[in-house]
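Inspection log for the structure reproduced underneath, given as structure tokens.
The values are calculated or read from the model by the stated rules, or taken from the named source; none is laboratory data. Here the structure is a predicted model, which means the values were calculated and not measured. Every residue, glycine among them, receives a Cβ derived from its backbone with ideal geometry; neighbour counts consider all protein chains shown.
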Amino acid sequence: MLKISADRLNDLFNRIASEQTLYIPVDHEPNTAEYRKYEDGMKLSESLNTVRSAKDFFFPQTENLAEFKVEGKNIEVKDIREESGDFVVFGVRACDARSFSILDKVFLSEPVDSFYKNRRDHGTIITMACTRPAETCFCTAFGIDPTTPEGDVAVFSDGKDYFFLDCTEKGKKFIESVSDMLEDGDTSELEAVREKTRGIMKKLPLAGLKTDSFGGDKLNELFNSPKWAELSESCLGCGTCTFVCPTCQCYDIRDFNTGNGIRRFRCWDSCMYSDFTKMAHGNPRISQLERFRQRFMHKLVYFPANNDGEFGCVGCGRCLSRCPVSMNIVKVMKTLEVK
């Protein structure tokens, strides 16, 4: 494993930014952070997580798909896809890193989403191990170790003077590009840091959250539970939970008349909205209860049923901190779990 001195972190950022686009989490408002394109002097945020996840870099909130020119009976279709430039996203936490495993199963399965694949091929994900988990964290419920994040390159802090870097096969190219700034590191102190963090995780309010009551084999039992009525009663259907979620992948495709042709674009959508998947005859889920149930059944039952038991949640805790009525997946799981 290689290391770099903490006081040289900005030098590393400048080196990366001189060769490709770099994004890092920076403080936006008190206790909040967001990803921004790096500029010299920017300081890496110490916040646990960004308000919105790194999903945005690969599955953006809006993106243009094609353009059409209509002249009489002639229709010209313009392919507006362009090869993405190489870019690096630094500071992705273990929960968000796991979200790419979920998104890949959706967008890289046949037929492959070429827009998503283009960005995945050109993007390097540099993760950062957690040392100060929050009370809203519950990633361990889904088998995620926040002290050993996935990613092309993983960064670990010794809590003192150094950052240590480890990499996968894809990350080797990045490590080689900055190798002259790195030195061999003794990782003996890292395990103590990891154990301290794991100890904190065990004491968090949601440490005991279990997934045993969920999965693909629980479909009928959970779908027909009378508890959905009580759970969904307070839901506003605002969609906030879906927009901050790193694994939600619902989208709509629309056409817009620019006055000089038609532009087809894709934009995020939410299963919590009354017009989601609306067809000529109407919406197949006409009540808020049905829409509410759909969201959580997908995370906890439908997705694992079709993906070898992998759940559609990574326990990042964003829905806990952002829901205006404090309704979230944890409350659903605790209410529906078999005692």
Within region 41-48, is even one residue farther than 27 Å from THR197 by Cβ, surrounded by 15 or more Cβ atoms within 10 Å (Cβ to Cβ) and not acidic (Asp, Glu)?
no
Top-ranked residue in region 10-43 [being charged (D, E, K, R), at pLDDT 95 or above and part of a strand (DSSP E or B); ranked as nearest to SER177 (Cα to Cα)]:
LYS37
Of all residues in region 280-339, which are within 27 Å of VAL51 (Cβ to Cβ), of a type in the set (A, V, I, L, M) and out of contact with any Lys or Arg (no Cβ under 6 Å at 6 or more places or on another chain)?
MET297, LEU300, LEU320, VAL325, MET327, ILE329, VAL330, VAL332, MET333
Count, please, the residues in region 201-214 that happen to be assigned to a loop (DSSP other than H, G, I, E, B) and buried (at least 16 other Cβ atoms within 10 Å of the Cβ).
5
Criterion violated by PHE223 - all others in (1) within 22 Å of the chain's Cα centre (by Cα); (2) more than 28 Å from GLY91 (Cα to Cα); (3) modelled with pLDDT of 95 or more satisfied:
(1)
For region 307-320, indicate whether the set of residues that are farther than 23 Å from ASP145 by Cα and out of contact with any helix residue (DSSP H, G or I) (no Cβ under 7 Å at 6 or more places or on another chain) is non-empty.
no
Could you run through region 103-127 and say how many residues are out of contact with any helix residue (DSSP H, G or I) (no Cβ under 7 Å at 6 or more places or on another chain) and crowded, with 22+ Cβ neighbours inside 10 Å?
1
What residue, among those in region 312-339 that are over 13 Å from LEU206 (Cα atoms) and of a type in the set (D, E, K, R), is surrounded by the most Cβ atoms within 10 Å (Cβ to Cβ)?
ARG318
Of the residues that make up region 69-85, is at least one within 18 Å of MET181 (Cα to Cα) and either surrounded by fewer than 16 Cβ atoms within 10 Å (Cβ to Cβ) or out of contact with any Leu (no Cβ under 8 Å at 6 or more places or on another chain) (or both)?
no
Find the helices (runs of 4 or more DSSP H) located wholly in region 222-313 whose residues include 2 or more that are of a type in the set (Phe, Trp, Tyr), and list them.
288-297
Among residues of region 33-87, those that are under 21 Å from the mean Cα position of the chain (by Cα) and free of Cβ contacts under 8 Å to residues at least 24 places away in the same chain, counted
8
